[in-house]
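Working notes, structure below.
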């Protein structure tokens with residue numbers, strides 16, 4: 001089971017500082033992108049105009065430690081079709097699209113074809129039947145994985161785990177056994193073994209890593225469960 005640290009960056013300096021903590025410890029990091037519309041609050045680069053992000057999307061510079069770390073962007077944004085290619089240019093290996101986003105998810109998917117691995121995220125109360133809309137894209141492996149949220153409110157870290165996600169993992173695993181399942185939200189050393197045992201393939205971990213006394217030791221504890 002893969003452990004993926006998640007960063008919800010306030011600004012570019014905050015992003016760089018968090019990445020510095022995990023450089024050399026993990027191969028891939030998830031960066032949470034919140035536009036302040038799909039989510040109640042905004043994160044980098046939406047918080048304010050950011051010249052660093054502009055330079056990165058123009059490929060004038062790279063993301064911090066881009067030679068050592070791969071990046072997954074979790075796009076908690078409306079109209080993802082308008083911005084997905086910016087994150088491809090920024091160096092994404094994987095991009096998560098939220099099925100509840102306003103806009104055209106199918107257009108976003110088409111723009112990403114052949115460029116990155118594409119995942120679909122579902123909020124805790126979103127009916128799993130929504131995946132039927134994408135069954136053809138799941139069947140032909142356009143959609144590579146599903147991200148199930150384990151918390152009630154997306155766009156925040158440190159929230160309480162919602163155990164409804166356990167039955168949801170089982171149901172998705174049974175119906176879409178070919179898809180990897182990753183869980184985002186409420187993941188800690190107490191909930192992680194349960195998520196592993198019911199079929200989660202990847203765990204997205206934010207505060208349980210970055211608010212620990214020792215980031216490297218926290219990652220080792222997750223990996224050695």
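Taking each residue of the stretch 199-225 that is touching a residue at least 12 places away in the same chain (Cβ under 8 Å) and on the phi > 0 side of the Ramachandran plot and looking for partners that are outside any strand (DSSP E or B) and crowded, with 16+ Cβ neighbours inside 10 Å with beta-carbon atoms closer than 8 Å, six or more apart or interchain, yields 199/169; 199/173.
Taken over the stretch 26-80, the criterion of being within 16 Å of the chain's Cα centre (by Cα), in a loop (DSSP other than H, G, I, E, B) and under 21 Å from residue 216 (Cα atoms) is satisfied by 26, 27, 69. Scanning the stretch 54-70 for residues that are touching a helix residue (DSSP H, G or I) at 6+ places or on another chain (Cβ under 8 Å), surrounded by fewer than 18 Cβ atoms within 10 Å (Cβ to Cβ) and under 23 Å from residue 202 (Cα atoms) yields one hit, 65. Report whether or not residue 32 is buried (at least 17 other Cβ atoms within 10 Å of the Cβ) and modelled with pLDDT of 95 or more. For residue 32, the condition - buried (at least 17 other Cβ atoms within 10 Å of the Cβ) and modelled with pLDDT of 95 or more - is met. Scanning the stretch 101-121 for residues that are buried (at least 20 other Cβ atoms within 10 Å of the Cβ) and in contact (Cβ under 8 Å) with a residue 40 or more places away in the chain, we see that the one that is farthest from residue 185 (Cα to Cα) is 101.
Right, residue 183: without any contact (Cβ under 8 Å) to a residue 40 or more places away in the chain, touching a helix residue (DSSP H, G or I) at 6+ places or on another chain (Cβ under 7 Å), surrounded by 19 or more Cβ atoms within 10 Å (Cβ to Cβ) and within 19 Å of residue 1 (Cβ to Cβ) or not?
Answer is yes for this residue.
Against the conditions (1) surrounded by fewer than 16 Cβ atoms within 10 Å (Cβ to Cβ); (2) in contact (Cβ under 8 Å) with a residue 40 or more places away in the chain; (3) under 30 Å from residue 194 (Cα atoms), residue 132 satisfies every one except (2). The single residue among 135, 79, 115, 111 that is over 15 Å from residue 154 (Cβ atoms) and at pLDDT below 95 turns out to be 135. Just one of (1) touching a residue at least 60 places away in the same chain (Cβ under 8 Å); (2) within 25 Å of residue 220 (Cα to Cα); (3) buried (at least 22 other Cβ atoms within 10 Å of the Cβ) fails for residue 98. It is (2).
Looking at this structure, is residue 73 without any contact (Cβ under 8 Å) to a residue 60 or more places away in the chain and surrounded by 20 or more Cβ atoms within 10 Å (Cβ to Cβ)? So residue 73 passes the test.
The values are calculated or read from the model by the stated rules, or taken from the named source; none is laboratory data. As the structure is a prediction and not an experimental result, all values here were calculated from the model. Methodologically, a virtual Cβ is constructed for each residue, glycine included, from the backbone with ideal geometry; neighbour enumeration extends over all protein chains shown.
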